[in-house]
1. What is the packing order of peptides 5-16, 208-219, taking the mean over residues of other C-beta atoms within 10 Å and listing the highest first?
2. Compute the Cα gyration tensor for the stretch 118-252, then decide on rounded, prolate or oblate, letting a ≥ b ≥ c be the square roots of its eigenvalues: rounded whenever a/c is under 1.5, prolate when a/b is larger than b/c in the other cases, and oblate in all that remain.
3. So if I take the centroid of the Cα atoms in the stretch 192-222 and the same for the stretch 232-248, what is the distance between those two points in Å?
4. Among DSSP beta bridges lying fully in the stretch 4-249, give the percent that are antiparallel, nearest 5.
5. Would you mind working out the magnitude of the charge dipole of the stretch 1-106 relative to its Cα centre, with +1 at each Lys and Arg C-beta and -1 at each Asp and Glu C-beta, to the nearest 20 Debye?
6. Could you compute the net charge surrounding TYR138? Neighbours are other residues with a C-beta less than 9 Å from the C-beta of TYR138; K and R count +1, D and E count -1.
7. Two decimals, Cα atoms only, Kirkwood Rh: what is Rg/Rh over the chain?
8. Could you pull out which residues in the stretch 184-218 have an amide N less than 16 Å from a spot 7 Å beyond the Cα of LEU232, following the Cα-Cβ vector?
Amino acid sequence: MRTFEELVEEAATVSVDGWDFSWLDGRATEERPSWKYSEALGYRMAGASASLDIQTGGGEVVAGVPTIPRLAVATESWPPNVAKASALLHPRGVVVVADPDEPPLPFADAAFDLVTSRHPVTVWWSEIARVLAPGGTYFAQHVGPHSVFEVVEYFLGPQPEAVRRGRHPDDDVERATAAGLVIDDLRLEETRIEFFDIGAVVYFLRKVIWMVPGFTVAEYLPRLRDLHEQILRDGSFVAYSTRFLIVARKPA
C-alpha cells in the first residue's frame with residue numbers, strides 16, 4: 001500500500017493539461033449520463049456542413065468523432081490546451097482558434113449549422129445565436145447545479161443555496177430563449193463518482209480548478225490527510241455529479 005505522501009506527491013506533479021482523465025483509470029470512477037454525449041455528438045457532426053466546438057479543452061471529445069464536417073472549427077482559451085488540441089485536431093482537418101472565451105466569438109454571423117460544447121465554463125448565448133445559421137443547432141452537455149459538491153464542501157464547508165443552485169438548467173433555458181433560440185431537448189441526470197485514493201482527489205482538484213479555487217496541497221494538507229484516512233476506512237469517497245443535455249435551435 002502506497003503512503004499518503006507518495007500518493008499526494010505523484011498527483012501534485014503529474015501534468016493536468018488537456019481534458020483527458022485517463023490518469024484516473026483504476027483510481028476513480030464516474031457514471032456517464034444515459035444520453036451518451038460523445039456518441040450523439042458523432043451523429044450530429046456527421047450530418048453537419050460547418051461545425052464549431054466551443055471551449056474544446058485538449059480536443060479529446062471532437063478527436064473521437066468518426067466523421068468531421070467539411071468545415072470544422074474549435075475554440076480554446078488556455079495555451080497548453082490550445083497546443084494539445086491543435087496536435088489532436090489538425091490531422092482531422094479541424095481548425096483550432098485561440099479565443100479568450102469572451103464575446104464576441106471571432107466568426108461571422110450565421111457561419112455554422114452546428115455549435116457544440118462539452119462542459120463549457122461560460123455560455124454566451126447571444127453569441128451562439130449569432131454564429132448559428134437559421135435552422136442551426138446548439139448541442140451540448142453542461143455541468144449542472146451542486147455538481148461534486150461533496151468534494152467542494154469537504155474542503156470549503158457548506159455553501160450558500162445561491163452557490164449550490166448555480167448552473168441550473170432552468171437559467172440556461174431562460175437565457176437561450178432570450179437570445180432567440182428554441183429549446184428542443186433538455187435532460188438532467190445525477191451520476192455517481194467514487195475516488196479510491198487521495199491522489200485521485202488531488203489530481204481532480206488540480207485539473208478542475210473552479211471546484212476549490214486556488215487549491216494547493218500545502219494549504220489543504222490537514223484536510224487531505226483526514227480524507228486519506230477516511231478513504232482507507234470506507235474504501236472510497238463518494239460524490240455525485242450533475243449533467244444536463246441541452247439542444248437549442250435557431251428558427252429558420
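All of the numbers you see were taken from the coordinates with simple rules; none came from a lab. Keep in mind the model is a prediction, meaning the values are calculated, not measured. Reconstructed Cβ throughout: ideal geometry from the backbone, glycine too, with neighbour counts over all protein chains shown.
1. Packing order, densest peptide first, comes out as 5-16, 208-219.
2. prolate
3. Value for the Cα centre distance between the two parts: 14 Å.
4. 60 percent
5. The dipole of the stretch 1-106 has a size of about 640 debye.
6. For residues surrounding TYR138, the net value is +2.
7. 0.99
8. Counting backbone N atoms under 16 Å from the label point, the list is 196-200.
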